[in-house]
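Worksheet for the structure shown next.
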Amino acid sequence: MAGQVTSCGGPLTGVRVLEITKVWAGPYAGKMLAHLGAEVIKLESSTNLDEMRAYGGVDINSAPYFLSINQEINSVQVNMKTEEGLELVRQIVAKSDIVIDNIRPGAMERSHLGYEDLKKIKPDIIQCSIKMWGNGGPLGYQTGYAPCFAALSGLFNLVGHEGETPMGMNMRHGDSTAGALAALACLAALHHRERTGEGQFIDLSAVESLSSLVGDSLFAYSVTGQIPQADENFHPEMAPHGAYPCTGVDWISIAAPGAAEWQSLCEVLDGGNLAADPRFATLGSRIENHRALDDELGKLTRTHDAFELADRLRKAGVPAFKSMNSIDLCADEFLWGRQGFRMVSDHRNGARPVIGPSWRISPDGPDVQRGAPLLGEHNEYVYREILGLSQERFDELVARKVID
Amino acid sequence: MSALEGLLIVEIAERPAGEYTGKLLADFGAEVIKVEPPGGSPTRRMGPVKNGQGVLFNYLNLNKKSVVLDVAVSEDREKLERLLARANALIDDHDEVWGELHRLTSAEVAAAHPHLVHLIVTPFGQGAPAEWQRVEPINVINASGWAYHSPSETPNDKPPLKGPGRFLADYEAGIDSALALLASLHRQRKTGQGQFIDISEDEVLLNRIDCVLDRMLAGEVEPSMDRTAYDMGGPMTAFACKDGHVYLFMTTKAHWTGLCGLMGNPDWAEEFREDWLEFDCTPENVRKFRAGFRSWIAGQEKIPITEAAQKSGVAMVAVNTAADLPVNEQFIARGFFQEADHPAFGKVVYPTAPYKLSKTPVKIVRPAPALGADNAEAEAG
């Protein structure tokens, strides 16, 4: 195992992260740090698997959900239900910079892996714990899934069609954002440690993570006293601003921030007749009559192909883009061309497409190439190289299913 | 003490994407100097406005300083260069044409300041067609696929939605920008070297849906034109109750038996198999369940009923409004909202950060700056 590649290079090279995580938010935090070059070690156990290794398949080593998140992650097995297993975890903690978990409230403490415990093992450890409501507090016992975070956060209430029950973003939104914010907080703490030598505990609330995405609306309520509402696609300072029907089931998004964009939009769509309508003469009147404006525009866009119209509008200086469906996205040449989608290694098929990181960093940027790990793929690396166990000791721990 | 004490960040951004990146770092205690053109950042003029000040600007620029420089004028340009010479990082969010015009391309900045971490966040990243770089946040959220699939269960004849407020794409992108910047600054501490970071807002949003969209990319799930392609199915959705709305998440037998108990085991619920959520979750059953549940929940109040639900193992929660949050006991216990005096607004509460750092908590140090309030900073060095 000597010389095994355990990081994709990049600015966090040399930083070691231990993750005790499941499902999405926690693993996503690990992925963010791994895709910036950290060596991320995921603790796993065959008797207590990340559910993502089970969803959508029977082979725990090629489960679609797991493969789509855990690129550049290193997998080490340990049976955390045994005292010997927990002792191994503590030895790995002693060699780590950051520990991230998102398991049930109280579970880390019950395994003696709470911050006070970890600090005794490694005084400058940075520990980040992700929970729906954060750690402790009067409602800390409550649990839920991403749409629950959104509902509690204030974000959900701000998304919906006019006159209907608020419906939030798509129900898949939320876990990954919380994970990204956890990664961010870990790096802020890492800077503090570099400067002062001091580690710390980070307590992350998934609910508040989504509240932070509507921070300006929450602040506006405090300042103006007006409770913000779901507003469909309305923009108080821009009209038109919305999504308009095209041919088939397609939609196009169009925004006209000022007079120039409005004029160009009218010229592309109908040779300028709309521009002559007194209801739409100024930005102020367009905002005031935005419902009528949306109706008129919808009549004009309905006969157009969304891709072609968006292209013509953008070239005419009007902000526009097709509302992309999942076929459009998967086939998007621009995204493939700039490696927004990219190939990584895959144990079963040789290669697998994944969604690449949002960053390009140069020089010496990270290069995401390794697909998700087999269960225990990095056992030897972690136990033999990092912890320095003898081959005999390692074999014996495997035989007794402490490493399992 | 603050986590990022000692770091100096220059921000020449003029959109929420770049300004939010700077805000995240300023909240951690970095010294963030916002360089604004004469007349100020366009975000100063965005609403809502109270007592002559933009509320949005005051949120996005909390804890920062402001320096006014006309970088087209050589004297001011020299001041900018001196600022960059002593800064750790530069945050920008303009398109490439602007960068060329202002001699702030990645190559020019790297040549003049090899120690500097230089980040530019744009809708589609560097190299995108020039006209793509000038789109609005609603276009980015539509380009990313999130709008087409939001909310869950939207029928074909209803428009895709932009998300909450005006700037979801900007805020999500600000998180990745701040994250990549802190990673590169970590390297700067070790090597003294700078890097260039190119962030695509569209790709941030795509990355956030990794385990749903990637299974389509890999051919494990068919991509489609369906508005529901990202949905999970099942009865989960929001319902109107007596004083607002609740959200019910329910996928297991345990959830179902917990909910039946909570409702007092009504007759209509007896018609469902105990394990229907796992093995008999047909559209017809979902419709029947929602009809029965809807009439029951309509008479309940959101806080008491959701607390009772949680204690019965049911993942039902209140749909909170902005007014509910500052008085919510968990938000209060965590101190998410912090009160401060604002020179124009008076007493206000700021939403702060979702992470509590035990040694270096996020703090409100100063309100957003008046235009040019810190011009003296540009005279130093």
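The values are calculated or read from the model by the stated rules, or taken from the named source; none is laboratory data. Everything numeric here is computed off the predicted structure, so don't read it as measured data. Note that each Cβ is placed from the backbone with ideal geometry, even for glycine, and that neighbours are counted across all protein chains shown. For accessibility, only protein heavy atoms count, side chains too; no ligands or nucleic acids. Shrake-Rupley method; radii C 1.70, N 1.55, O 1.52, S 1.80 Å.
Positive-end ranking of A:Ser358, A:Leu387, A:Ile403 along the dipole of the stretch A:352-404, with charges on Cβ about the Cα centre, is headed by A:Ser358. Computed on the stretch A:145-185, the Cα convex hull volume stands at 68 Å³ per residue.
Taking every Cα-Cα distance in the stretch A:139-247 and sorting them into 10 Å bins from zero, the calculated P(r) comes out as 13, 33, 30, 17, 6, 1, 0 percent.
What's the center-to-center distance, using Cα atoms, between the stretch B:62-113 and the stretch B:206-221 in Å? What the calculation gives is 38 Å, centre to centre. Name all residues of the stretch A:344-370 having a backbone nitrogen under 15 Å from the label point set 7 Å from the Cα of A:Trp336 along its Cα→Cβ direction, giving them as ranges. Of the residues in the stretch A:344-370, A:344, A:352-356 have backbone N under 15 Å from the label point off A:Trp336.
Roughly what % of DSSP beta bridges within chain A run antiparallel, to the nearest 5?
Among the beta bridges of chain A, antiparallel pairing accounts for roughly 40 percent.
So if R0 is 60 Å, what FRET efficiency would A:Ala259 and A:Asp367 give, r being the distance between their Cβ atoms, rounded to the nearest 0.05?
FRET efficiency, A:Ala259 to A:Asp367: 0.85.
Averaging Cα coordinates gives a centre for the stretch A:77-123 and one for the stretch B:344-381; these two points are 36 Å apart.
For the stretch B:1-88, a crude dipole built from +1 on the beta carbon of Lys and Arg and -1 on the beta carbon of Asp and Glu, taken about the Cα centre, is about 280 debye to the nearest 20. Here the simple spin-label model places points 7 Å from the Cα toward Cβ, and for B:Met232 and A:Glu87 these points are separated by 4.0 nm. The portion of the accessible surface of the protein assembly as shown made up by carbon and sulfur, rounded to a whole percent, is 51 (1.4 Å probe; DNA, RNA and ligands excluded). For the stretch B:251-367, a simple Cβ point-charge model (Lys and Arg +1, Asp and Glu -1, everything else neutral) yields a dipole of about 740 debye relative to the Cα centre.
Consider all pairwise Cα distances in chain A and report the whole-number % of them above 29 Å.
Summing the P(r) tail past 29 Å for chain A gives 55 percent.
Compute the projected area of the convex hull of the Cα atoms of the stretch B:86-191, averaged over all viewing directions, and report it in nm² to one decimal place. About 8.4 nm², averaged over all directions. Each 20 Å bin from 0 upward holds the following percent of the Cα-Cα pairs of the protein assembly as shown: 16, 51, 29, 3, 0. Stokes-Einstein diffusion for the stretch B:135-174, with the hydrodynamic radius set to the Kirkwood value over Cα pairs and evaluated at 37 °C in a medium of 0.692 mPa s, equals 318 µm²/s. Going by Cα centres, the stretch B:241-296 and the stretch A:377-393 are how many Å apart? Going from one Cα centre to the other spans 50 Å. A DSSP coil position with no more than 16 other Cβ atoms inside 10 Å describes the following chymotrypsin sites (Phe, Trp or Tyr not before Pro) in the stretch A:37-145: A:Tyr55, A:Tyr141. Summing both sides, the accessible surface hidden between B and A at a 1.4 Å probe radius is close to 12700 Å².
Taking the inverse of the mean 1/r over every pair of distinct Cα atoms in the stretch A:195-331 gives a Kirkwood hydrodynamic radius of 17.4 Å. Debye-formula intensities of the stretch B:259-368, expressed as log10 I(q)/I(0) at q = 0.16, 0.17 Å⁻¹, are -0.84, -0.90 (one equal scatterer per alpha-carbon, no solvent).
A Förster distance of 45 Å, applied to the separation of the beta-carbon atoms of A:Asp270 and B:Arg290, puts the FRET efficiency at 0.60.
Only the Cβ atoms of Lys and Arg (+1) and of Asp and Glu (-1) were treated as charged; on that basis the dipole of the stretch A:115-181 about its Cα centre amounts to roughly 300 debye. Screening chain A for whole DSSP H helices with an alpha carbon extent of at least 24 angstrom along the helix axis and a mean Kyte-Doolittle hydropathy of at least 0.0 yields A:175-196. On a per residue basis, the protein assembly as shown carries 34 Å² of accessible surface, using protein heavy atoms and a 1.4 Å probe. The largest accessible area among A:Lys131, B:Lys242 belongs to the first residue in B:Lys242, A:Lys131, and the rest follow in falling order (1.4 Å probe, all chains). For the stretch A:11-124, the average shadow cast by the Cα convex hull is 6.9 nm², which is a quarter of the hull's surface. Per the Kirkwood definition applied to all pairs of different Cα atoms, how many angstroms is the hydrodynamic radius of the stretch A:327-404? 15.6 Å is the Kirkwood radius here.
Over every Cα atom in chain B, the radius of gyration and the widest Cα-Cα span, Dmax, amount to 24.7, 80 Å.
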